[in-house]
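Written below as structure tokens is the structure these notes are about.
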Amino acid sequence: MNIKPLAFRMRPRSIDEVIGQKHLVSEGKIISRMVKAKQLSSMILYGPPGVGKTSIASAIAGSTSFAFRTLNAVTNNKKDMEVVAAEAKMSGKVILLLDEVHRLDKAKQDFLLPYLENGMITLIGATTSNPYHAINPAIRSRCQIFELKPLTEEEIISALMTAVNDKERGLGEKSINLSEEALSHLASASNGDVRSSLNALELAVLSTEPNDQGIIEIGLTEAEECMQRKSLTHDRDGDAHYDVLSAFQKSIRGSDVNAALHYLGRLIEAGDLISIGRRILVIAYEDIGLASPQAGARTLAAIETAERIGFPEARIPLANAVIELCLSPKSNSAISAIDSALADIRAGKSGEVPDHLRDAHYKGAKELGRGIDYKYPHDYESGWVKQQYLPNKIKNKDYYQPKKNGKFEQALAVVYKRLQE
């Protein structure tokens, strides 16, 4: 048995063998053109696990005559990079695949930069993190940045069938009958991760005894057992995490219950109770706000319940809260009002506090004119009296603009209008 995993053995040997990422490697596209012209520049490939970052790097190396080395920014040290640099000096150029490039520390970065500048090392950095957030600008500015997409089911099926039939590197020397249901499940359950599909296929083949005719039968049951449940592409510090949270909030804001529950489910599968709680509490006040003020209190109660009971039961109060938030009337009047006020303050539009509102609880305040002519509202009918509260510079500002989406804020709008009049 070959000790190297199937996914490793099936890595493309040239750019023409790459499956997926047609926007980068198909004829006439940027990486294909660079390889064809033998004019490689350093690049950063980023995307979810198992979509072909390492495969494209090895394919680039296989399509050129340059030496190819692989290092990891975390586990390999500066001395390992010195070995690569020495080889680059001898051969003229080395292609270096640097996995987890976003974890490159300053010492390794400072060592690499001169070799990137003179072209002796062509860096292909691989990362699941958005390089615009996670990678040092000194490295980023010297690299082209390419985003890789999850593979489609059709592309993964193509990769699986190639592995089944390849006698040199794949499983072609074995008699395998892979059912359509098993093939479809291996492709669909991987969430676009071809490495996961290939690993599951190999496990199914190696763990299944041949029948009397010597054929290894892989049906849906075997595929499900070996695939189990694909770990959701979700790194709490990575780009995908913030994309899911963003989609989650926007789905609630847009009153799409089904989409919101889908994204809630992804966050639950990732076990991220903290982010869920924080986000729905923000939503309750940012997006529902004064249209349904009690939604905030009920959301907090749901979060506290979820934290107390933990997963898997925590999904129940969270789902209750999310459904209510989706179907509640929406108002962003409070956040708009405070942001408008803050914008004026940050732009220098504030002015002096009116004298009659200033603190008068100290000796000498009266001589300074502090607190004089202040009208105490409780001394007047209905607890209100006409009086200027804003500084002179902005005395006519209206920051709060009521929405009419909920009965509570409709009532507030009536009071607000009457006070203004």
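Quick note: the coordinates plus some simple rules give every number you see, no bench work behind them. All values derive from a computational prediction rather than experimental measurement. All Cβ positions, even for glycine, are placed from backbone atoms using ideal geometry, and neighbour counts span all protein chains on display.
Estimated from the Cβ-Cβ distance and a Förster radius of 35 angstrom, the FRET efficiency linking Ala343 and Ser382 is about 0.60.
Here the stretch 364-421 is treated with +1 on each Lys and Arg Cβ and -1 on each Asp and Glu Cβ, and its dipole about the Cα centre works out to around 300 debye.
For trypsin sites (Lys or Arg not before Pro), the sites in the stretch 344-381 that DSSP calls loop and that have at most 16 other Cβ atoms within 10 Å are Lys349, Arg358, Lys363, Lys366, Lys375. Close Lys pairs in the stretch 315-399 (alpha-carbon distance under 15 Å; sequence gap of 8 or more, or different chains): 5. Which of the listed residues, Ala259, Asn332, Ala295, is farthest toward the dipole's positive end in the chain, when Lys, Arg count +1 and Asp, Glu count -1 at the beta-carbon? The residue sitting farthest along the positive end of the dipole is Asn332. Between Leu419 and Glu27, the distance separating the two model label sites (each 7 Å from Cα on the Cα→Cβ line) works out to 7.1 nm. Once C-alpha pairs closer than 8 Å and six or more residues apart are averaged by separation and normalised to the residue number of the stretch 314-421, the relative contact order reads 29 percent. Cα axis of helix 194-207 to longest principal axis of the chain: angle in degrees, 0 to 90, nearest 10? It works out to around 50 degrees. Summarised in one figure, the compactness ratio Rg/Rh of the chain, Cα atoms and Kirkwood Rh, is 1.15.
Simple spin-label estimate for Ala301 and Glu153 gives 4.2 nm between the two label positions (7 Å along the Cα-to-Cβ direction from each Cα).
The protection proxy used here, the mean number of other Cβ atoms lying within 10 Å of each residue, ranks peptides 131-144, 255-268, 208-221 as follows, highest first: 255-268, 131-144, 208-221. Taking Cα centre as origin and charging only the Cβ of basic (Lys, Arg, +1) and acidic (Asp, Glu, -1) residues, the dipole magnitude of the stretch 201-330 rounds to 980 debye.
Projecting the Cα atoms of Met120, Asn72, Leu97 onto the charge dipole of the stretch 57-166, computed from C-beta unit charges around the Cα centre, puts Met120 farthest toward the positive end. With distances taken between every two different alpha-carbon atoms, the stretch 193-336 has a Kirkwood hydrodynamic radius of 17.3 Å. Highest average first, the peptides 81-94, 152-165 ordered by how many other beta carbon atoms sit within 10 Å of their residues are 152-165, 81-94.
If you plug the beta carbon distance of Leu327 and Ile215 into 1/(1 + (r/R0)^6) with R0 = 60 Å, you get a FRET efficiency near 0.65.
Using equal-weight Cα scatterers in the Debye expression, the normalised intensity of the stretch 332-421 in log10 at q = 0.12, 0.20, 0.22, 0.26 Å⁻¹ is -0.53, -1.12, -1.17, -1.23.
Pop the C-beta distance of Lys79 and Glu225 into the FRET formula with R0 = 35 Å and round what comes out to the nearest 0.05.
0.20
Note on the stretch 130-262: along the principal axes its Cα atoms extend 58, 44, 21 Å, ordered by decreasing extent.
For the stretch 342-406, the set of GluC sites (Glu not before Pro) satisfying both a DSSP loop assignment and a count of at most 11 other C-beta atoms within 10 Å is given as Glu352, Glu367.
Contact order, relative form, for the chain: 11 percent (alpha carbon pairs under 8 Å, 6 or more residues apart, mean separation divided by residue count). Starting from the Cα-Cα distance between Gln39 and Lys375, subtract it from 0.36 nm times their residue separation and give me the gain in nm to one decimal. Stretched out fully, the Gln39 to Lys375 stretch lengthens by 113.1 nm.
Applying a 10 Å radius around every beta-carbon, put 188-199, 386-397, 51-62, 309-320 in order of their mean neighbour count, most first.
Packing proxy ranking, top to bottom: 51-62, 188-199, 309-320, 386-397.
To the nearest 20 debye, what is the magnitude of the charge dipole of the chain about its Cα centre, counting +1 on the Cβ of each Lys and Arg and -1 on the Cβ of each Asp and Glu?
Once rounded to the nearest 20, the dipole reads 1880 debye.
For the chain, the longest principal axis of the C-alpha atoms and the axis of helix 333-346 are separated by about 80°.
Relative to the longest principal axis of the Cα atoms of the chain, helix 315-327 runs at roughly 60 degrees. Applying a DSSP loop filter and a limit of 10 other Cβ atoms within 10 Å to the trypsin sites (Lys or Arg not before Pro) in the stretch 55-85 leaves nothing. As a length-normalised measure over Cα pairs under 8 Å and 6 or more apart, the relative contact order of the stretch 1-112 settles at 24 percent.
Multiplying the residue separation of Asn392 and Arg358 by 0.36 nm and subtracting their alpha-carbon distance yields 10.9 nm.
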